[in-house]
Amino acid sequence: MKTAAGKKVLVTGAAMGLGKTFAQRAVSEQASDVVLWDINEQALRDTAAELAAQGVSKIHHYVVDVSDRDAIAEAGAAVRAEVGDIDVLVNNAGIVRGNGYFWETANRADIDKTMAINSLAPMYITLEFLPAMVKNGQESRVMTIASSAGLVANPRMSVYAASKWAALGWSDSVRLELEQSGNEHVKFTTVCPTYINTGMFDGAKGFWFTPILEQDEVVNTSWEEMKKGSALVVMPWTSRLNRAISGLLPLRVRDFYLNTVGVYHSMDEFTGRK
């Protein structure tokens with residue numbers, strides 16, 4: 001896929017941050033339709049109005065709680081009826097909760113919400129649109145924003161890490177299923193960045209040669225790799241190095257290395273978006 005021109009693009013978590021920037025990118029490439037999903041109604045309306053004012057793409061917005069499987073099914077049916085089949089799906093919505101140790105979890109609902117939004121939602125949302133992608137034989141893309149937390153373990157974010165490990169494992173497995181079944185017109189891309197300056201990870205610290213990533217850098221790199229059909233995007237290079245080292249070193253040596261370079265203390269002062 002060389003461009004999103006003429007394509008129908010759906011982005012979750014589209015009201016702000018990475019999701020809004022992905023939607024802007026789709027509009028800039030003259031997508032025919034850009035569908036925005038988010039739970040924040042006011043921010044969603046503002047973003048939809050801003051994009052529609054450009055007069056390039058048809059903008060559709062839906063208030064959707066992606067932690068609710070029934071809400072996903074209802075919104076998916078509405079999109080198919082009102083917009084049609086989706087060509088490019090960006091599973092971007094995500095949350096992070098707390099920075100304590102796991103046994104200090106005060107609100108157990110945070111566990112359910114984190115897993116529902118970060119792990120299960122991409123699966124259920126993709127099920128709404130992937131069957132048509134497979135059937136119609138047209139070039140299609142599904143991109144899921146996971147995290148470098150899905151590549152290595154990290155203290156003070158155990159549930160978040162678990163949710164992103166699940167997202168990565170699912171997305172890359174479906175990629176293989178598509179190849180194995182001869183449906184290579186549909187490409188899956190999983191993106192694993194470190195901390196990004198969206199506000200979601202306020203207080204988190206960069207570590208050895210790994211500053212907090214800029215939104216535009218993540219979106220531009222992810223978008224271009226998605227169009228190419230790249231399977232896995234890991235940002236920045238130090239995260240790829242840490243992943244390789246983690247697979248080679250004995251466990252205790254790996255822990256010593258990641259602790260020394262600061263990975264294991266990157267969430268010590270995390271506050272998150274206020």
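Worth pointing out:
- Relative intensity, log₁₀ I(q)/I(0), of the stretch 1-109 from a Debye sum that treats every alpha carbon as a point, q = 0.11, 0.13, 0.23 Å⁻¹: -0.37, -0.49, -1.24
- Computed over the chain, relative contact order equals 18 percent, with contacts defined as Cα pairs under 8 Å that lie 6+ residues apart.
- Cut-off 14 Å between beta-carbons: net charge of the residues surrounding Glu179, Lys and Arg +1, Asp and Glu -1: -1
- Qualifying chymotrypsin sites (Phe, Trp or Tyr not before Pro) in the stretch 79-130, DSSP loop, other Cβ atoms within 10 Å at most 11: Tyr101
- Option label - Cα extents along the principal axes in Å computed here, alternatives (i) 61, 44, 34; (ii) 53, 41, 32; (iii) 55, 38, 36: (ii)
- Radius 12 Å from Cβ of Thr189, net charge of other residues (Lys, Arg +1; Asp, Glu -1): +2
- On the beta carbon distance between Ala81 and Asp46, with R0 = 30 Å, the FRET formula returns roughly 0.75.
- Sites excluded, GluC sites (Glu not before Pro) in DSSP loops with at most 13 other C-beta within 10 Å, longest stretch of the chain: 1-183
- Net charge of neighbours whose Cβ lies under 11 Å from the Cβ of Gly150, counting Lys and Arg as +1 and Asp and Glu as -1: +1
- Accessible area of the stretch 56-121 belonging to carbon and sulfur atoms, whole % at 1.4 Å probe: 49 percent
- Extension reserve of the Glu179-Thr260 stretch, reckoned as 0.36 nm per residue once the Cα distance is removed: 25.2 nm
- Per residue, the stretch 8-114 exposes 47 Å² of accessible surface when a 1.4 Å probe is rolled over the protein heavy atoms with every protein chain present.
- Cross-link partners of Lys20 among lysines (Cα-Cα below 27 Å; sequence separation of 8 or more within a chain): Lys2, Lys7, Lys8, Lys58, Lys113, Lys164, Lys187, Lys205, Lys227, Lys228, Lys274
The values are calculated or read from the model by the stated rules, or taken from the named source; none is laboratory data. Everything quoted here is computed from the prediction, not taken from an experiment. Glycine gets a Cβ as well: all are built from the backbone with ideal geometry, and neighbour counts include every protein chain shown. Note: areas computed on protein heavy atoms with side chains; ligands, DNA, RNA excluded. Shrake-Rupley method; radii C 1.70, N 1.55, O 1.52, S 1.80 Å.
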